[in-house]
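Here the structure comes first, spelled out in structure tokens, and everything after it is commentary.
The values are calculated or read from the model by the stated rules, or taken from the named source; none is laboratory data. Given the structure is predicted, the values throughout are model-derived calculations rather than measurements. Note: ideal-geometry Cβ built from the backbone for every residue, glycine included; neighbour counts use all protein chains shown.
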Amino acid sequence: MSLINALLKSGHAEHSLEFRLHLRYELLMLGIQEIIDRLRNTHGSALEDHFDLFEMMRQEDEQEFASNADSGSSSPIDFESPAGMAEALTRKLDSSVALPHLISLLQHLLMIPGDERHRHLWRLFDIILQQISLKSTMGTLASESDPQYSTAALQFDMDELLSRLRTQHECEKLEKALAETNAELENERKRVMELENRLSDLQDGASLSSFSRISDLSNPSDPCHSPTPTIYSSSASSLPPVNPPAPPPPPPTALQLRALGGPLPNAVQEPKKKIPKPPTTLKTLNWTKISAQKIPGTVWEKIEDEKFYKQIDLQALATAFVAGNGHSDESDYSTSTLQRRLRTESAISVIEPRRAQNCTIMLSKLKLSHREIRAAVLSMDDKGRLPKDMIEQMLKFVPTKEEFSILRETANKHKTPSVLALADRFLLEVGQIPRYEQRLKCLHIIRTFQERVDEITPYLNAVIKASNTSSSNKKLRQLLALILAIGNYLNHGKRSGNAMGFTIGSLGVIHDVKSSVRHDRNLLHFIIELLESKFPEIIHLKRELVSVYEAARYNRAEMSAELRSLEGTLRVLSTELQVQQKLASTSTTSPTTTGNIAPPEPQPNPMQSPKTQKEDKFIEVVSTFLENAKKQYNELERLNNEMNKAFSTCTTYFAEDAQTCSPDVFFGVFSKFFNQFTESHHHMWEEREELERVKRQTLARSIFAKKSGNRRTATESGKDFERLINALQTGEFFSEDLTRLRTSFRVPKKEKTKS
């Protein structure tokens with residue numbers, strides 16, 4: 001905000017009222033006023049001063065412009081009102097030779113439509129007038145800095161400008177339409193998924209509930225029994241005998257006729273109007289008719305609507321409002337009614353409400369139908385449709401034995417599972433999958449195994465590389481020798497002097513030895529200066545030992561636990577594979593247990609169908625995965641052994657114990673030392689750059705002072721960039737305006753609040 005105010009006070013804006021107005025109008029068109037209103041009273045008094053300064057300068061410029069435009073006007077110009085500006089413009093050009101051109105301009109503007117299609121034309125007028133106004137008001141002033149400004153012609157390609165503006169406008173419309181289409185597509189996709197789930201439930205419920213009826217009602221010797229009995233076929237035999245019809249009811253009373261909408265005796269009959277018959281079925285206007293009894297005394301009593309048919313283009317009306325296929329309105333109404341009926345009638349939920357709600361949220365994120373989820377679990381998600389995080393969520397919603405029993409009883413009671421809520425139908429569907437929980441755990445192991453392997457492998461390789469490079473790097477050994485020499489010199493004659501070596505952890509205390517000459521320096525700064533002057537090749541040692549940063553993240557205990565966990569998951573997969581192989585071999589002689597629930601009595605199980613057995617790919621997928629996973633785990637074991645050996649050799653080389661020292665601690669000392677080394681080196685480099693900058697500024701000012709002579713001194717002719725920024729931020733640049741702001745501009749506000 002300080003930069004904007006500075007632009008409105010310096011350069012061309014300092015001497016040109018029109019340029020300030022033009023620049024400010026451009027900022028207002030970009031929405032700066034809305035931003036100012038939103039940020040007021042939220043970011044401190046300094047920003048509030050700049051906001052008020054912007055408003056004060058705007059009011060002063062508009063008042064000055066209004067006074068120049070018409071000094072004899074009784075009321076100021078309202079620059080926010082089109083009518084006010086048009087009136088002021090008329091007064092300004094009244095009795096002048098430019099008035100006919102203004103009238104012609106307004107006449108032509110009135111011919112141009114103001115709809116969305118012609119918006120780019122109005123933008124074109126705005127751009128052209130901006131350029132013309134700037135050229136007419138800034139020509140003399142700008143020619144001082146650029147002589148070509150006043151002589152250059154205003155040139156532009158009308159076709160190119162219109163094409164670019166039209167393309168931009170169409171692009172904005174297409175982006176808006178695309179967003180709306182994506183939203184509609186998402187809603188339709190959800191609706192289709194819901195209908196697919198309900199259709200699947202209806203089909204499954206009908207087939208399951210009719211299985212026992214087929215065996216009871218059909219004779220094995222009867223080859224002509226119905227293969228698809230209806231839902232009500234089982235209750236046909238239990239219907240009571242048909243009784244003779246009851247006598248006809250008495251005629252209805254007048255009150256009953258009024259309630260039923262029928263005609264009353266001696267009531268006003270609706271006359272038959274002569275309405276032309278449309279050529280096809282048209283869309284329905286869902287109004288509410290007024291009965292003939294209420295027409296007398298109203299506006300509708302003597303209205304003549306039939307004579308308007310001669311003036312209406314009935315063919316155009318029929319074409320514009322034809323109903324698709326002749327029955328789109330009725331079919332849409334029937335579809336929506338059926339959907340509402342399904343929603344209201346299928347709201348039975350027997351699961352704990354909080355658990356059902358969380359399960360519904362999980363299903364909405366999964367975006368798959370129940371049938372697709374079941375197929376993915378049976379095939380062990382060979383197509384990768386189940387995200388890893390969704391599998392973790394699904395493990396939280398495994399149906400218990402009690403839940404599955406209640407769900408099955410409810411579905412059997414209503415003859416179909418479609419009466420259940422979304423979460424209940426999901427739990428009923430997955431509860432029928434053999435060993436669902438164990439299968440889902442195995443699927444989660446398969447989906448996360450490679451990621452866990454990829455996470456461990458870089459750590460093992462980093463420790464191996466860091467161990468080998470640290471123990472073989474000659475520059476590191478040279479640096480340690482230098483530090484040892486300096487330390488023995490500092491500790492001469494002391495208990496810790498005359499050392500043959502020091503522990504690696506001692507590298508962290510070098511930074512703590514402060515300089516007696518400069519309090520912002522320490523021993524590490526001295527070592528860096530010594531390396532730069534005597535041993536420059538050691539300065540960039542960090543680049544050769546960059547692997548210690550990655551190795552410092554390796555925690556031996558955590559990685560060992562992760563390796564044991566991976567081994568345990570492979571054992572779980574092997575055990576479950578053996579169970580599934582036994583179930584597959586005995587499936588032809590004994591029924592398979594569904595889910596984790598053993599049904600209380602034998603019944604036909606849809607999971608034992610040949611189609612289901614064909615969809616079940618557990619044995620195939622797990623067998624292939626175990627074969628590859630065991631090879632990867634053996635490779636991890638080999639890398640782990642190699643890492644332990646390399647790390648043991650490295651720690652022994654640096655006089656440390658590998659059994660008590662972990663890689664994250666050992667290499668963490670090196671990473672911390674290199675960070676301190678880099679920070680100190682950077683601090684010294686910044687100091688040198690600051691000294692060089694001061695020298696260059698001093699030299700430049702001396703040269704400039706010599707060239708300027710008697711005109712102005714170097715300090716008066718300009719400020720450096722940093723001082724300018726500071727002056728803008730603190731308000732020193734606007735000191736006079738801020739003083740005027742505090743003494744005059746805000747006074748009416750305070751007086752207004754007091755009054």
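Checking each residue in the range 652-664 for being touching a helix residue (DSSP H, G or I) at 6+ places or on another chain (Cβ under 6 Å) and under 18 Å from GLY501 (Cβ atoms) picks out TYR653, PHE654, ALA658, CYS661. Taken as a whole, the structure leaves LEU17 outside the set of residues that are without any contact (Cβ under 8 Å) to a residue 24 or more places away in the chain and surrounded by 12 or more Cβ atoms within 10 Å (Cβ to Cβ).
The lone criterion from (1) in contact with a helix residue (DSSP H, G or I) (Cβ under 6 Å, 6 or more places away or on another chain); (2) in a helix (DSSP H, G or I); (3) closer than 30 Å to LEU523 by Cα left unmet by PHE625 is number (3). For the residues ARG553, ARG564, the requirement of being at negative phi, in a helix (DSSP H, G or I) and of a type outside the set (Ser, Thr, Tyr) singles out ARG564.
Evaluation of SER565 against the conditions (1) at pLDDT 90 or above; (2) touching a Ser or Thr at 6+ places or on another chain (Cβ under 6 Å) shows that the sole unmet condition is (2).
Checked against the criterion of being of a type in the set (Asp, Glu), surrounded by 16 or more Cβ atoms within 10 Å (Cβ to Cβ) and modelled with pLDDT under 90, the range 499-514 contains not a single residue that satisfies it.
Of the residues making up the range 515-542, just one is exposed (fewer than 10 other Cβ atoms within 10 Å of the Cβ) and among the aliphatic types (A, V, I, L, M), namely VAL517.
You will find that of PHE79, PHE54, the residue that is out of contact with any Cys (no Cβ under 9 Å at 6 or more places or on another chain), over 23 Å from ILE132 (Cα atoms) and surrounded by 14 or more Cβ atoms within 10 Å (Cβ to Cβ) is PHE54 and no other.
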